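Take a look at the structure below.
The values are calculated or read from the model by the stated rules, or taken from the named source; none is laboratory data. Worth saying up front: this structure is predicted, and the values here are computed from it rather than measured. Every residue, glycine as well, gets a Cβ built from its backbone with ideal geometry; the counts of neighbours run over all protein chains shown. These area figures cover heavy atoms from the full protein model, side chains too; ligands, DNA and RNA do not enter into them. Shrake-Rupley method; radii C 1.70, N 1.55, O 1.52, S 1.80 Å.
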Amino acid sequence: MSVLMQPESPAHATGVQGSDPLVPPLEDLGSLAGGQGYFSSGPWLSADAAEVLLDSASRASARFGRTAALRRPDIAHEFTSWGFTNPRGSYTADTEFFRHAVRAAQTRARIDGWYLGKRTSLRLWIGGRWTAVVAGTSAGALLHGYESGNRGTMVQLDVAGVDDAASVMAAWSGLAPAWSVAGTAGTIDTINRSLFERRLQDARVPAPANAEGPLLRLWREPWFVWLASIGRGRFRRGFINAGTAGHFLFGVNNDGDVQLAQQSSSLLWHTLRDAVEDARFQERHY
C-alpha cells in the first residue's frame with residue numbers, strides 16, 4: 001500500500017482534469033488504481049459455512065463433530081471438499097490457524113459496503129500478532145461486475161499480520177491514488193437529500209440543480225459506499241469511494257443535511273491505521 005502515501009494533488013489542482021486551460025492536464029491515475037484492488041490467496045466458503053467455522057473458534061474442540069455433521073451435512077461436505085476438515089472431521093492445520101487468530105483477537109473491525117443495491121462486507125479479528133479476515137466481494141470486484149458466488153454468497157478467508165489490518169481494509173474498499181482536494185465538497189440540504197439517498201441505489205439519478213465543482217464531479221463517478229466500524233463503537237464513519245474523484249467522508253448534521261468532505265487517500269489510510277491501533281490498545285480482550 002506504499003503508493004497510498006504519495007502526494008496526490010498539486011497546489012494548483014482544480015479537482016477537475018482539464019477545467020483550467022492554464023493548468024496542465026492532470027496525470028490519469030486510473031491504471032494505478034486498477035492495479036491496487038484486494039487480492040488474497042485464501043480459501044473460499046459459503047457465508048453459512050463461514051459462520052459455523054467462526055462460531056467453532058470459541059470452543060476448544062478440534063473437530064467439526066459427528067453430531068454437527070449429521071445436523072448440517074451440507075456444511076460437513078463443504079468443509080471436507082475444500083480441505084477445512086480431514087475425512088475424520090478434524091480441522092486441518094490451516095483451519096486451526098484461522099480459528100486461533102479469531103480466538104486470540106483483541107478487537108474487531110467491520111466494513112459494510114453497497115454498490116447499486118448490492119451489499120457486501122469485510123470483517124476482521126485483530127489480535128496481538130494476527131488478523132483473521134472474512135471478505136465478501138470487494139469494491140473493485142463489484143465495480144467490475146463480479147460477485148463472490150451466486151449473488152455474493154461466498155466469502156474468502158485469510159490470515160494477515162496485525163500490522164496489515166488497515167491495509168486490508170484500504171485495499172478491500174478500493175482506496176487508491178486520486179486527485180483529491182482537501183476540504184468540504186458541499187452540503188446537500190433536506191430538500192435535495194432524497195436525491196442523495198436515491199443516488200446511493202441508482203447512478204442515473206441527476207445531481208441537485210445547484211451542484212458544482214467537487215460535488216458535481218463526485219456525482220458523475222460510480223459510487224461504492226462503505227461504513228467502517230472499528231472497535232466497540234469508538235470509530236464509525238461512512239465514506240463514498242467515487243473512483244477517480246477519490247474518497248468522500250459523509251454524514252448528516254443536526255439540521256438533517258448531508259455533509260460531504262473530500263479525503264485524500266493518504267489521510268484516509270492514516271485514519272484507518274490510527275483507528276485500528278487505538279482499538280487494539282484500548283481493547284485487549286474483545
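Can you say whether D112 is at pLDDT below 95 and out of contact with any helix residue (DSSP H, G or I) (no Cβ under 7 Å at 6 or more places or on another chain), as far as the supplied structure shows?
No: the conditions fail for D112.
Please go through the range 136-156 and pick out each residue that is in contact with a helix residue (DSSP H, G or I) (Cβ under 6 Å, 6 or more places away or on another chain) and under 18 Å from E78 (Cα atoms).
Those that are in contact with a helix residue (DSSP H, G or I) (Cβ under 6 Å, 6 or more places away or on another chain) and under 18 Å from E78 (Cα atoms): T153, V155.
Exactly one of these conditions fails for G186: (1) on the phi > 0 side of the Ramachandran plot; (2) in a loop (DSSP other than H, G, I, E, B). Give me its number.
Of the numbered conditions (1) on the phi > 0 side of the Ramachandran plot; (2) in a loop (DSSP other than H, G, I, E, B), the odd one out for G186 is (2).
Could you tell me whether any residue of the range 191-209 is free of Cβ contacts under 8 Å to residues at least 12 places away in the same chain, polar (S, T, N, Q) and over 15 Å from L175 (Cα atoms)?
yes
Take the range 249-258 and flag every residue that is surrounded by fewer than 16 Cβ atoms within 10 Å (Cβ to Cβ) and touching a Ser or Thr at 6+ places or on another chain (Cβ under 9 Å).
Answer for the range 249-258, where residues must be surrounded by fewer than 16 Cβ atoms within 10 Å (Cβ to Cβ) and touching a Ser or Thr at 6+ places or on another chain (Cβ under 9 Å): N253, D255, G256.
Which ones in the range 196-248 are open to solvent by 60 Å² or more (accessible area, probe 1.4 Å) and of a type in the set (A, V, I, L, M, F, W, C)?
Scanning the range 196-248 gives a single hit, A209.
Hey, can you tell me all the residues within the range 81-122 that are open to solvent by less than 50 Å² (accessible area, probe 1.4 Å), of a type in the set (D, E, K, R) and within 30 Å of R198 (Cβ to Cβ)?
Selection gives D112 alone.
Results for (1) over 16 Å from the mean Cα position of the chain (by Cα); (2) surrounded by 21 or more Cβ atoms within 10 Å (Cβ to Cβ); (3) not basic (K, R), shown as yes or no for each residue.
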position	(1), (2), (3)
G136	no, yes, yes
G152	no, no, yes
D163	yes, no, yes
W172	no, yes, yes
L175	no, yes, yes
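Anything in the range 214-238 that is within 16 Å of Q263 (Cβ to Cβ) and either without any contact (Cβ under 8 Å) to a residue 40 or more places away in the chain or part of a helix (DSSP H, G or I) (or both)? List them, or say none.
The answer is P214, L215, R217, L218, E221, R236, R237, G238.
Which helices (runs of 4 or more DSSP H) sit wholly inside the range 40-129 and have at least 1 residues that are within 21 Å of Q156 (Cβ to Cβ) and either without any contact (Cβ under 8 Å) to a residue 24 or more places away in the chain or not aromatic (F, W, Y) (or both)?
47-56, 73-81, 93-103
Among the residues of the range 53-70, write down those that are farther than 14 Å from R103 by Cα and either surrounded by 11 or more Cβ atoms within 10 Å (Cβ to Cβ) or among the β-branched types (V, I, T) (or both).
R63, F64, G65, R66, T67, A68, A69
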